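S.K.: Input: one structure, supplied below.
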Amino acid sequence: MASATALAIGGSFLSAFLQVLFDRMASREVVGFFRDRKLNDRLLKKLKVLMISVNGVLDDAEEKQIAKPAVEMWVNELKDAVYEADDLLDEIAYEALRSEVEVGSQSSADQVRGFLSARFSFQKVKEEMETKLGEIVDMLEYLVQQKDALGLREGTVEKASSQRISTTSLVDESGVYGRDGDKEAIMKLLVELPDSVGHLKHLLYASLKGAKIKRLPESMCTLYNLQRLVLEDCRNLVRLPHSIGNLKHLRYVTLKGTAIKMLPASMGGLCNLQTLILRSCKDLIELPDDLGRLINLSHLDIEGTKLSKMPLHMGKLTKLQNLSDFFLGKDTGSSIQELGKLQHLQGGLNIWNLQNVGTAPDALHDNVKGMKHLKTLNLMWDGDANDSGHVRHVLDKLEPDVNMEYLYIYGYGGTRFSDWVGDSSFSRIVFMELSRCKYCTSLPPLGQLGSLKELLVRGFEGLAVVGREFYGSCMSVRKPFGSLESLTLSMMPEWREWISDQGMQAFPCLRKLCISGCPNLRKVLSNHLLPSLTTLEIEGCKQLVTSIPRCPIIDELKLDDDSRHLLLGRLPSGMHSLKVYRFYSIDSIPKEMEQIGSFLTTLEEIEMENCDSLKCFQLDLFPRLKTLRISTCSNLESHCEHEGPLEDLTSLHSLKIWECPKLVSFVKGGLPASCLTELQLFDCANLMSLPEHMNSLLPSLEDLRLFLLPKLEFFPVGGLPSKLKSLYIENCGKLIAARMQWSLQSLASLSKFTVGVDESVESFPEEMLLPSALASLEIWSLKTLKSLNYSGLQHLTSLGQLTITDCPNLQSMPEEGLPSSLSSLEIWRCPLLDQRSFHFNHERPVGETECLQVCHADIFLLLTFIAHLQFLLIMRTGILGVPGKVSFPYLHLYSEPQQNVLELDACLNLVLQAIDEKIFGVRSLCKVERSSMFTGEYTCTSRTCFGPRGIEEANGLCKFNFIPCLMMMFKMVQGSRLWKP
């Protein structure tokens, strides 16, 4: 079946191939060659008639060759004859092109000598070609005679016509079969082509894309019919063989991304070449001198090379339609006049090194204006100009056609631009960039470009003022920059001011404005309305403070320089967020920014940090503000400019004020924030009071955190809000000293309380200090605390978690015991506390504490008091030992459904053998994390028991390490035979 398919494809290809031959026989080159050389054109006509005859039966032959070997042989012989005809017609077309190139490149004397020389060989060439053509005709006549004997019948030729092979160099690669991944893998393995590749005499297409080959074999010169050669990304390929010039039918060659440095001179003889791609050949420094002989070349891509000049006679490439770059050499290579001859260029063109254009009177004329299909033009100078007038004269002569859409000018050395730059006749320009034009003192009238959508102006070092000249004639343009959507102005160190006339309706569609690297800029369109602007970015313009345009629908705002960093952004809700870091120049940011736009009424989140000049933050300017964080604002004094009460802050949910040493109190009358749920005050050294009427004005407050407030002594009159759930007091010496006036008993919702960093408390908590509903109590860094007060704990019937940290003088726990509700106890860095201090309520068999964490105590015996231990962490306990006969009648670790855990951290010299297996009631042991230091190494099995004899062996061995400095975790799961860390 596969063989039949291959034959069918071959026949179908042959039918299509004949259509190509019909085109070639009618081509200008072939017909002209027969006429000029006086060849027997009757043979050419007979060849055409015979091919039409065999083409009529090809459909029938394609079907019958599968079952009839004689038909298959007939098809193969027909292939040979057709290929011979194709070779001959290609040779004729090539000779015609070669003659055309030679005549065009010779002087009159050379042409005479060439004509006299050709006379002697003409007759010989004529006889050879006619003889060869006659042989092909004879072969086809024989095959036509055989078709009747083979029973081949004429049918429709529409099928063949519909499958004509394209003669263009842009071959469709969809005919290259195979998985892309497989092809890539094969190419990466291919490092050398065998010489036998030269046997593929009828090969039309060769792709070695991505192969690691370093060279092409000389035998490739025999691939006479090769039309397309793809060597893209062959990164090891540094040169081509000289014999590549023999592949005279090549139409398409790509060397993109190769390491090639030079092309062989013989490539100048590839007269059929239409496309040459050398993009990203980063080592390529020179093109062949005879490149001008490639008169059929229509596409030349040399972007990303190291070329510094073009070969001579580039103007002869009159069919060139796509040329990526043109390099002007200094007194060498093709001049700009040669470029002017390429009038069919389209797409984009980069012209490099315009500083090398000569000063001769005839050196310049309109070089680009006739290129009516060119859409993108990039004009580039490199280096300082010695003659500003000449530079401008060059730019004058580079005026493009008015159909231009994208224009780039780099490194222009004149003091002013040519009149055509910005002329209203260029009505199709949508993008323009003017860069590194450092001597220009003014901008061209770009406001007259009615279709311009994006403009970039950079590196104008001599520009001081942007004025009305930028907008153009008001007589011709009602709304300057009427279509502009994005404007970028950067790297202009002397620019001081940007002004516009009163009432000018410029930039009606501008959506994005970016200004950067202009340190002396003080004024930008002051009070000018930009009705469509949504993004404003100002960076490195430290003197530009308030004189900026009005932007009523601004979405994103960025101000960034040495003294400030401000970001305004759009939130998913459609509202805005504002982040301000460093802002030293003004005392009221909202007031100064109010002129920019109405976004102050849409702000939901504000963060302000290191704004040393900020004295007043006016909360009532932000009616929709939900979150406010102010930190390290050393001069902040108030939240309101007037003394009266604030308007209702109904949207505010979170307020955080950190490190504001001059904040003494809140506005008189309190904060009317009925939705505030979180309030944090940190390191405000002079704050003496909390907001007034908190219990009524802040009814939704749930989380109150007070840090490092040394002058705060009392809660406000009326106490704290009744819905408060979490209270955190740290390093507030006066407030902690007055704790008996806190009145926390009335807070029925308070479930978490933390107190810390004080050096005056010896016993805590006092009786009835804390509310009975408290679920979590954390005590930390009370340096003088010696004991816990049972009278302050006994009524905490809901207390489930107790954490005590860094209390170096704590010596004992209440003798009466801890609350029976306790399920988690954590004690850290309390070195004077030992197990004799622990007493648990025995109402639930010695308590049902589920979590116990203790450090700096010899407390292994404490296990006897805990009946439902789920987690134990023992840290830095020194020598931990257990007498061999000690039993733990109440201790049992849940084996289902919970996963019970024992962690031992830095328990030096642990006597594990003494632990009776009755403690655990489970015999599965997990593997322990290893450390580079351990006191012993043991082997244990996947099923191990703890018994009087220690660890017993059973099935299979595994390592078990006692680690003195890292955590060891034992996890016991019912049915598990493996320990898991």
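The values are calculated or read from the model by the stated rules, or taken from the named source; none is laboratory data. Note that the coordinates shown come from a computational prediction; the quantities given were computed from them, not determined experimentally. Glycine gets a Cβ as well: all are built from the backbone with ideal geometry, and neighbour counts include every protein chain shown. Ligands, DNA and RNA are stripped out before the accessible areas are found, and what is left, the full protein with its side chains, is counted by its heavy atoms. Shrake-Rupley method; radii C 1.70, N 1.55, O 1.52, S 1.80 Å.
S.K.: Quick one: count up the residues across the range 666-725 that are within 15 Å of LEU750 (Cα to Cα), out of contact with any strand residue (DSSP E or B) (no Cβ under 6 Å at 6 or more places or on another chain) and basic (Lys, Arg).
M.R.: 2
S.K.: For the range 777-790, indicate whether the set of residues that are buried (at least 16 other Cβ atoms within 10 Å of the Cβ) and under 19 Å from GLU692 (Cα atoms) is non-empty.
M.R.: Checking the range 777-790: not a single residue is buried (at least 16 other Cβ atoms within 10 Å of the Cβ) and under 19 Å from GLU692 (Cα atoms).
S.K.: In the range 293-312, what count of residues is obtained for those that are more than 15 Å from PHE327 (Cβ to Cβ) and either out of contact with any Lys or Arg (no Cβ under 9 Å at 6 or more places or on another chain) or of a type outside the set (S, T, N, Q) (or both)?
M.R.: Residues of the range 293-312 more than 15 Å from PHE327 (Cβ to Cβ): 293-299.
Restricting the remaining residues to those that are either out of contact with any Lys or Arg (no Cβ under 9 Å at 6 or more places or on another chain) or of a type outside the set (S, T, N, Q) (or both) gives 293-295, 297, 299.
Here the count works out to 5.
S.K.: Of everything in the range 662-696, what is over 47 Å from the mean Cα position of the chain (by Cα) and of a type in the set (Gly, Ala, Ser)? Give them in sequence order.
M.R.: Listed by number, the residues that qualify are SER665, GLY669, GLY670, SER689, SER696.
S.K.: Picking from LEU521, LEU544, LEU533, LEU559, which residue would you name as being touching a strand residue (DSSP E or B) at 6+ places or on another chain (Cβ under 8 Å), assigned to a strand (DSSP E or B), surrounded by 16 or more Cβ atoms within 10 Å (Cβ to Cβ) and among the aliphatic types (A, V, I, L, M)? Break it down stepwise before answering.
M.R.: On the way: LEU521 fails: assigned to a strand (DSSP E or B); LEU544 fails: assigned to a strand (DSSP E or B); LEU533 fails: assigned to a strand (DSSP E or B).
Of the residues listed, the single one that is touching a strand residue (DSSP E or B) at 6+ places or on another chain (Cβ under 8 Å), assigned to a strand (DSSP E or B), surrounded by 16 or more Cβ atoms within 10 Å (Cβ to Cβ) and among the aliphatic types (A, V, I, L, M) is LEU559.
S.K.: Now for a different question. Determine which member of the set GLY459, GLY482 is on the phi > 0 side of the Ramachandran plot and crowded, with 18+ Cβ neighbours inside 10 Å. Lay out the reasoning, then the answer.
M.R.: Values: GLY482 fails: on the phi > 0 side of the Ramachandran plot.
Residue meeting the stated conditions: GLY459.
S.K.: So, one more: Can you tell me which residue within the range 826-842, out of those that are assigned to a strand (DSSP E or B) and modelled with pLDDT of 85 or more, is least open to solvent (accessible area, probe 1.4 Å)? Working first, answer last.
M.R.: Looking only at the range 826-842, we keep the residues that are assigned to a strand (DSSP E or B), and these are 826-828, 840.
So of that shortlist, the ones also modelled with pLDDT of 85 or more come out as 826-828.
Working: GLU826: 37, ILE827: 2, TRP828: 63 Å².
Selected residue: ILE827.
S.K.: In addition: Which members of the range 338-363 meet the condition of being open to solvent by 50 Å² or more (accessible area, probe 1.4 Å) and closer than 18 Å to PRO400 by Cα?
M.R.: Residues satisfying the conditions are LYS341, GLN343, HIS344, GLN346, TRP352.
S.K.: Pick from PHE753, PHE715: which is open to solvent by less than 10 Å² (accessible area, probe 1.4 Å), in contact with a helix residue (DSSP H, G or I) (Cβ under 9 Å, 6 or more places away or on another chain) and among the aromatic types (Phe, Trp, Tyr)?
M.R.: Numbers: PHE715 fails: open to solvent by less than 10 Å² (accessible area, probe 1.4 Å).
After applying the criteria, what remains is PHE753.
S.K.: So, of the residues in the range 321-337 that are touching a strand residue (DSSP E or B) at 6+ places or on another chain (Cβ under 7 Å) and within 19 Å of LEU263 (Cα to Cα), which turns out to be surrounded by the most Cβ atoms within 10 Å (Cβ to Cβ)?
M.R.: Of the range 321-337, the ones touching a strand residue (DSSP E or B) at 6+ places or on another chain (Cβ under 7 Å) are 321-328.
Imposing the further condition that a residue be within 19 Å of LEU263 (Cα to Cα) reduces the set to 323-327.
Working: LEU323: 26, SER324: 19, ASP325: 21, PHE326: 24, PHE327: 19.
Checking each candidate, the answer is LEU323.
S.K.: Here's another thing I want to ask about it. Hey, LEU735 hits all of (1) modelled with pLDDT under 95; (2) assigned to a helix (DSSP H, G or I); (3) surrounded by 16 or more Cβ atoms within 10 Å (Cβ to Cβ); (4) not hydroxyl-bearing (Ser, Thr, Tyr) but one; which does it fall short on?
M.R.: Failing condition for LEU735: (1).
S.K.: Turning to a different aspect of this structure: Taking the range 580-601 as the search range and keeping residues that are buried (at least 19 other Cβ atoms within 10 Å of the Cβ) and under 17 Å from ILE553 (Cβ atoms), which one is modelled with the highest pLDDT?
M.R.: Filtering first and then ranking leaves LEU600.
S.K.: Output yes when any residue across the range 757-769 is of a type in the set (Gly, Ala, Ser), farther than 30 Å from THR632 by Cβ, over 47 Å from the mean Cα position of the chain (by Cα) and surrounded by 16 or more Cβ atoms within 10 Å (Cβ to Cβ), and no when none is.
M.R.: First, the residues of the range 757-769 that are of a type in the set (Gly, Ala, Ser): 760, 763.
Still in the list and also farther than 30 Å from THR632 by Cβ: 763.
From the residues that got through so far, the ones that are over 47 Å from the mean Cα position of the chain (by Cα) too are 763.
With the extra rule that they be surrounded by 16 or more Cβ atoms within 10 Å (Cβ to Cβ), the set shrinks to none.
No, the conditions are met nowhere in the range 757-769.
S.K.: Further question on the same structure: So is GLU469 open to solvent by 10 Å² or more (accessible area, probe 1.4 Å), more than 23 Å from VAL545 (Cβ to Cβ) and not in a loop (DSSP other than H, G, I, E, B) or not? Break it down into steps so the answer makes sense when it comes.
M.R.: Values: open to solvent by 10 Å² or more (accessible area, probe 1.4 Å): yes; more than 23 Å from VAL545 (Cβ to Cβ): yes; not in a loop (DSSP other than H, G, I, E, B): yes.
The answer is yes for GLU469.
S.K.: Looking at LEU237, LEU229 in this structure, which one is touching a Ser or Thr at 6+ places or on another chain (Cβ under 8 Å) and assigned to a strand (DSSP E or B)?
M.R.: Testing whether each residue is touching a Ser or Thr at 6+ places or on another chain (Cβ under 8 Å) and assigned to a strand (DSSP E or B) leaves just LEU229.
S.K.: Of these, SER219, SER243, which one is open to solvent by less than 40 Å² (accessible area, probe 1.4 Å) and either acidic (Asp, Glu) or in contact with a Cys (Cβ under 6 Å, 6 or more places away or on another chain) (or both)? Spell out the reasoning first.
M.R.: Numbers: SER219 fails: either acidic (Asp, Glu) or in contact with a Cys (Cβ under 6 Å, 6 or more places away or on another chain) (or both).
Only one candidate passes the filter, namely SER243.
S.K.: Can you tell me which residue is farthest from ILE554 (Cα to Cα) among those in the range 611-633 that are of a type outside the set (D, E, K, R), at pLDDT below 90 and in a loop (DSSP other than H, G, I, E, B)? Please lay out each step first, then the result.
M.R.: Step one: of the range 611-633, the residues of a type outside the set (D, E, K, R) are 611, 613-614, 616-619, 621-623, 625, 627-628, 630-633.
With the extra rule that they be at pLDDT below 90, the set shrinks to 611, 613-614, 616-619, 621-623.
Still in the list and also in a loop (DSSP other than H, G, I, E, B): 611, 613-614, 617-618, 622-623.
Details: CYS611: 23, SER613: 25, LEU614: 23, PHE617: 22, GLN618: 21, PHE622: 16, PRO623: 18 Å.
Residue satisfying both the conditions and the ranking: SER613.
S.K.: Could I ask something else about it? Against the definition (within 20 Å of ALA206 (Cβ to Cβ), surrounded by 19 or more Cβ atoms within 10 Å (Cβ to Cβ) and hydrophobic (A, V, I, L, M, F, W, C)), how does LEU255 come out, yes or no? Step through it out loud before you land on a result.
M.R.: Values: within 20 Å of ALA206 (Cβ to Cβ): yes; surrounded by 19 or more Cβ atoms within 10 Å (Cβ to Cβ): yes; hydrophobic (A, V, I, L, M, F, W, C): yes.
Answer is yes for this residue.
S.K.: Mind listing whichever residues of the range 665-680 are crowded, with 20+ Cβ neighbours inside 10 Å and either at pLDDT 95 or above or not in a loop (DSSP other than H, G, I, E, B) (or both)?
M.R.: LEU676, LEU679
S.K.: When the residues of the range 738-750 are filtered to those that are out of contact with any strand residue (DSSP E or B) (no Cβ under 7 Å at 6 or more places or on another chain) and open to solvent by less than 40 Å² (accessible area, probe 1.4 Å), which remaining residue is farthest from PHE715 (Cα to Cα)? It would help to see each step written out before you state the result.
M.R.: To start, the set of residues in the range 738-750 that are out of contact with any strand residue (DSSP E or B) (no Cβ under 7 Å at 6 or more places or on another chain) comprises 738-749.
Those still in the list that are open to solvent by less than 40 Å² (accessible area, probe 1.4 Å) too: 738-739, 742, 744, 747.
On the way: ALA738: 10, ARG739: 10, TRP742: 7, LEU744: 11, LEU747: 13 Å.
Filtering the range 738-750 for residues that are out of contact with any strand residue (DSSP E or B) (no Cβ under 7 Å at 6 or more places or on another chain) and open to solvent by less than 40 Å² (accessible area, probe 1.4 Å), the one farthest from PHE715 (Cα to Cα) comes out as LEU747.
S.K.: Just to be sure, is CYS514 part of a strand (DSSP E or B) and surrounded by fewer than 22 Cβ atoms within 10 Å (Cβ to Cβ)? Talk me through it step by step, then tell me what you get.
M.R.: Numbers: part of a strand (DSSP E or B): yes; surrounded by fewer than 22 Cβ atoms within 10 Å (Cβ to Cβ): yes.
In short, yes.
S.K.: Determine which single condition LYS64 fails, assuming it passes every other condition in (1) surrounded by fewer than 18 Cβ atoms within 10 Å (Cβ to Cβ); (2) over 58 Å from the mean Cα position of the chain (by Cα).
M.R.: The one condition LYS64 does not meet is (1).
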